[in-house]
Every structure is written in C-alpha cells, then in structure tokens.
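Accompanying notes for the structure given below.
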Amino acid sequence: MHAKCGSFPHLNSLFRVKLIYQKYDKQAIASLPPVLFKGRVIVIQSEGEARRAVDYLLTFPRLGIDTETRPNFRPGGMNPVALLQVSTPDTCFLFRLNHIGLIPAIVRLFTDGSVQKVGLSLHDDWGQLQRRTPFQPTNYLDLQDYVKKLQVEDMSLQKLYANFFGQKISKNQRLTNWEADTLTESQKRYAATDAWACLQLYDEVTRLLATRDYRLIKNSESTQHDSSVS
C-alpha cells in the first residue's frame, strides 16, 4: 500500500513550492491568460462623493494605489494626473482629479498613518500628485522595494504580476485619454485592475516571505518555465 502524502508533511510543502524568477521574460507574457478586476468600480466626480469614499477607505488597513495621466506626445511635455485609483480587495474608487482636483479629503487619505498605501513606483506618483497640491504622504510601501526581499529584479507591474500569478495585465488602455468627459468601461476596468493588482502582489510576497514556499530561478530573459509546481 502506498502511503498518502499527508503522512509526509515535508512532501506537501515541496509540492506547494512556487517558482519565481529573478527576471521574467517579457515575451512570455503574451501567451498568459488575462486578468481583470471583477469587483465594484465607483467613479468619483464630486467633493461630496470623495469625502464619503475616503471615510470608507480609511476603515481598511491597506489600500492599493495607482494613477493615470493623459499622454502627452510632445517632447518634455507632461500633463497633470487625471485619475487616482484607490482599491480595497473588492472595490476600487476612481477619483477624477481633472474634475475635482486634489481636494483636502484625498490629501487626508494620503497623510493618514492608520492605513497603508501600497503601489508601484510610488515616489513617482507622489511627485506628480504633489504638482497639484503639496502634501506629505505617510505609511506607504513601494512594491519595487518589497519584491527585492525575494531577490526579484523586475520593476513593472505587468512583469511582476506575470511572475507571481502567471496572468497577464493588459496595457491596451494605457495611452488612452484619461481626461475624456466619460471614461469607457475598458478604461475603468484597466485602471481598477492596476490598483487592485498592487494589493494582490503585496499579499503574495508577504505570504512567500513568511512561508518560504518558493524557489528563485536566476535566469536570463530568454528562458522561461512554468510559474509554479503543483
């Protein structure tokens, strides 16, 4: 009679090991299944809506943060941030800064130390937002620094999500007009996915740091294997 895996806890641990890559092959992303935020997306276009949204968001311990800016194709030109995305695990608020500006309610969210703000390249986001209104952000975590604890060198959200989850975040909407009178459903889902994905990555990196159930593959970008062992 063959022994069940449950009789050998170390084998259970072995088969849960996730393979992650020091550098993920960008070309391999195209063949991955897409991922899209499935939760509620709420567009904020007035100060009253913003105040109520921030009151709600401040009840969470951690939030995903991202921004979108209307592209400027002139050399050296840069538009102000048009959209701020703030996500919980199941709801993403899209603050249309081109309509309401960086009002005190939103600044209160950035400066409140009771809730952690998680994003990617947050120093760049803060710098662009501070061009609208000066503020000093508190209690935030940049995923580009956090993944280094696992010796992962990728910096883009798309490559990190592919590396840790084996799914593709589409970038088709990145260069669309974020100052349009009305955002399309595709724009809203794209924007929400980026903020929500930051939370997903934080949770997975935190889990792997705690369990050590991973193996780092130090590979060139021309070689890619399966993202997990099951």
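Some points to look at:
- Selected residue (criterion: nearest to Arg70 (Cα to Cα)) from residues of the range 173-197 that are assigned to a helix (DSSP H, G or I) and among the hydrophobic types (A, V, I, L, M, F, W, C): Ala191
- From the list Trp196, Trp178, the lone residue that is in contact (Cβ under 8 Å) with a residue 12 or more places away in the chain, surrounded by 19 or more Cβ atoms within 10 Å (Cβ to Cβ) and touching a Pro at 6+ places or on another chain (Cβ under 8 Å) is Trp196.
- Pairs with Cβ under 7 Å, 6+ apart, first in the range 206-227 and closer than 25 Å to Arg62 by Cβ and at pLDDT 95 or above, second charged (D, E, K, R) and assigned to a strand (DSSP E or B): Leu208/Lys18; Asp213/Lys18; Tyr214/Lys18
- Counted residues, the range 121-169 - those being in contact with a Ser or Thr (Cβ under 8 Å, 6 or more places away or on another chain), in contact (Cβ under 8 Å) with a residue 40 or more places away in the chain and of a type in the set (A, V, I, L, M): 3
- Residue in the range 9-39 that is modelled with the highest pLDDT, counting only those that are over 17 Å from Gln200 (Cα atoms) and of a type in the set (Val, Ile, Thr): Ile29
- Where strands (runs of 3 or more DSSP E) sit wholly within the range 12-74, those with at least 2 residues that are β-branched (Val, Ile, Thr) and surrounded by 17 or more Cβ atoms within 10 Å (Cβ to Cβ) occupy 40-44, 62-69.
- Among the residues of the range 98-139, those identified as polar (S, T, N, Q) and more than 15 Å from the chain's Cα centre (by Cα) are Asn98, Thr111, Ser114, Gln128, Gln130, Thr133, Gln136, Thr138, Asn139.
- Out of Arg132, Arg108, sole residue that is charged (D, E, K, R), outside any helix (DSSP H, G or I) and either out of contact with any His (no Cβ under 8 Å at 6 or more places or on another chain) or modelled with pLDDT of 95 or more (or both): Arg132
- Qualifying residue in the range 83-97 (condition: exposed (fewer than 15 other Cβ atoms within 10 Å of the Cβ) and either small (Gly, Ala, Ser) or more than 24 Å from Leu208 (Cα to Cα) (or both)): no
The values are calculated or read from the model by the stated rules, or taken from the named source; none is laboratory data. In this text the structure is predicted, and so the values were computed from the model without any measurement. Counting neighbours? That spans all protein chains shown, and the Cβs are built from the backbone with ideal geometry, glycine included.
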